[in-house]
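For reference, the structure is listed below as structure tokens.
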Amino acid sequence: MEHIEIFQRLGVALAIGLLVGVERGWQERDIRAGGRTAGIRTFGLTGFLGGIAGTLHSMTGPFLPATIALLLGLAYIAGKWQETQEDEDYSITSVVAALVVFGLGALAALGDIVTAAAGGVATAVVLAARQKLHGFLRGLTWRELRSALMLLAMTVIALPLLPDRALDPWGALNPFSLWVLTITIAALSFAGYIAIKATGTSRGILLAGAAGGLVSSTALTLSFARYSKEAPEGSTHLAAGAAIAGALSFARVLIIGAALSFDLLAPLASALIPAIIGLLVAGLYCVWRSGSGTEVPEIKLKNPFELRAVLSFAALLGLISLVSKMTIDYLGPSALFAVAAISGLVDVDAITLSTARLAGSAINVKTAADVILIAVAVNTATKAILASTAGARQYGIALGLASTVAVAMGAVAYFAFRSFIGD
């Protein structure tokens, strides 16, 4: 190994230690000098020592680096024991963090520098997220934890046992792929659910709408509609939050469709991006019109990892996949438009997934894009109708106008795109 490369690797090892040391030092900045086991200097030197141990490994073998690691661990444990006697703090996070820093320093010397650096950043992020992680755990219910663990078990343990082939004559029901898609959608929804659980409703209606749009824009629209009857003076502001949720649901459809069939990216983007812009502009206009903030209502969203919800979506996805394939075989691709319209009344994810999987094989990309966009338009109209029937008059009007503008902008842009490509 050249000298310059050794210097680079030792520099990365030192940088990893200093990075983690900055976080540890900041967390314990109020402790008197000499009253903590390790700070920025000690962690920096620990990373550097790991790099030296890794460098020595290639010269002396594993015995000396292992001895250094053992002595370092004992020194940290002894220091932590003394600290515990003084302040009765029994956390060993700093000891574990020091051993991780030493290991990453050794990895920087022996293995991939980028991986070691990424590990250092990840370590600092986990350590810095202490309050958020503890707050999340305090707000986590047993039912939510049980559902997540059960689904993890079903996915990690049971998924490899599922047959990875179609079980029906039409080739629509592949248990392995259906479950993978179901869990992927549940995980995407869970991200929004966690965002709401972690931040609560303290960040305002627009951010609540954005997070709720990842979970279920329909459920959020209905929650805001009911609240608008209790606080009609905030109807316009609530409509802005529902519009933001709708924009996020459009973005979600675009991402899902393009991920399963990259050829769908251009046609879907041509319609959905203008529609997203329309909803965002309408939402900001509603905020400006409302003139003042409105208290965020309680958002009643189901846990996306609830077993019943996951199984229900899996059943819906399987049903729509089967109906879509049978419809193509017996009635032709154009009959999928009716399936899309009916599906859009209930859910847009299932028809997006099933159609994107068929794009380029059973149906062409143009038809697939048409089917998905019909479902999106019907779903948007359904939410506007729910807003009008379940919410205050001003809430329904504001969201209805925003939805109309979005659909109109999307339709105009989509047909312009079709004309441009000569289809």
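The values are calculated or read from the model by the stated rules, or taken from the named source; none is laboratory data. Please read all numbers here as calculations on a predicted model, not as lab measurements. Cβ sites come from the backbone with ideal geometry, for glycine too, and all protein chains shown count toward neighbours.
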Next on the checklist: Quick test of your reading of the structure: Ala153 fulfils all but one of (1) free of Cβ contacts under 8 Å to residues at least 60 places away in the same chain; (2) surrounded by 14 or more Cβ atoms within 10 Å (Cβ to Cβ). Name the failing condition by number.
Outcome noted: (2)
Next on the checklist: Given the criteria of a type in the set (A, V, I, L, M, F, W, C) and either outside the structural domain of Pro232 (by TED's automatic domain parsing) or in contact with a strand residue (DSSP E or B) (Cβ under 6 Å, 6 or more places away or on another chain) (or both), does Ala368 qualify?
Outcome noted: yes
Next on the checklist: Looking only at residues that are among the aliphatic types (A, V, I, L, M) and buried (at least 16 other Cβ atoms within 10 Å of the Cβ) in the range 167-178, which one is nearest to Ile363 (Cα to Cα)?
Outcome noted: Ala172
Checklist entry - Here are some residues: Ile16, Ile52. Which one is assigned to a helix (DSSP H, G or I), at pLDDT 85 or above and closer than 16 Å to Gly119 by Cβ? => result Ile16
Checklist entry - On the given criteria, is Ala362 surrounded by fewer than 16 Cβ atoms within 10 Å (Cβ to Cβ) and farther than 14 Å from Leu178 by Cα? => result no
Item to check | Per-region count, the range 123-172, residues within 30 Å of Val20 (Cβ to Cβ) and assigned to a loop (DSSP other than H, G, I, E, B) | outcome: 2
Checklist entry - Which is more than 18 Å from Ala381 (Cβ to Cβ), in contact (Cβ under 8 Å) with a residue 24 or more places away in the chain, polar (S, T, N, Q) and in a helix (DSSP H, G or I), of Ser324, Ser343? => result Ser324
Checklist entry - When the range 383-414 is examined, which residues are found to be surrounded by fewer than 17 Cβ atoms within 10 Å (Cβ to Cβ), farther than 18 Å from Leu284 by Cα and not small (Gly, Ala, Ser)? => result Ile385, Thr389, Arg393, Val412
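Each row is one residue, and each column tells you yes or no for (1) out of contact with any strand residue (DSSP E or B) (no Cβ under 9 Å at 6 or more places or on another chain); (2) modelled with pLDDT of 75 or more; (3) in the same structural domain as Trp26 (by TED's automatic domain parsing); (4) exposed (fewer than 14 other Cβ atoms within 10 Å of the Cβ).
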position: Gly79; (1), (2), (3), (4): yes, no, yes, no
position: Glu83; (1), (2), (3), (4): yes, no, yes, no
position: Asp89; (1), (2), (3), (4): yes, no, yes, no
position: Ser94; (1), (2), (3), (4): yes, yes, yes, no
position: Val101; (1), (2), (3), (4): yes, yes, yes, no
position: Gly111; (1), (2), (3), (4): yes, yes, yes, yes
position: Val114; (1), (2), (3), (4): yes, yes, yes, yes
position: Ala122; (1), (2), (3), (4): yes, yes, yes, yes
Checklist entry - If we scan the range 279-298, do we find a residue that is at pLDDT 85 or above and either under 22 Å from the mean Cα position of the chain (by Cα) or not assigned by TED's automatic domain parsing to the domain that holds Ile374 (or both)? => result yes
Next on the checklist: Any residue that is at pLDDT 85 or above and under 21 Å from the mean Cα position of the chain (by Cα) - is there at least one of those in the range 328-343?
Outcome noted: no
Checklist entry - Taking the range 303-321 on its own, how many of its residues are crowded, with 18+ Cβ neighbours inside 10 Å and either in a helix (DSSP H, G or I) or β-branched (Val, Ile, Thr) (or both)? => result 8
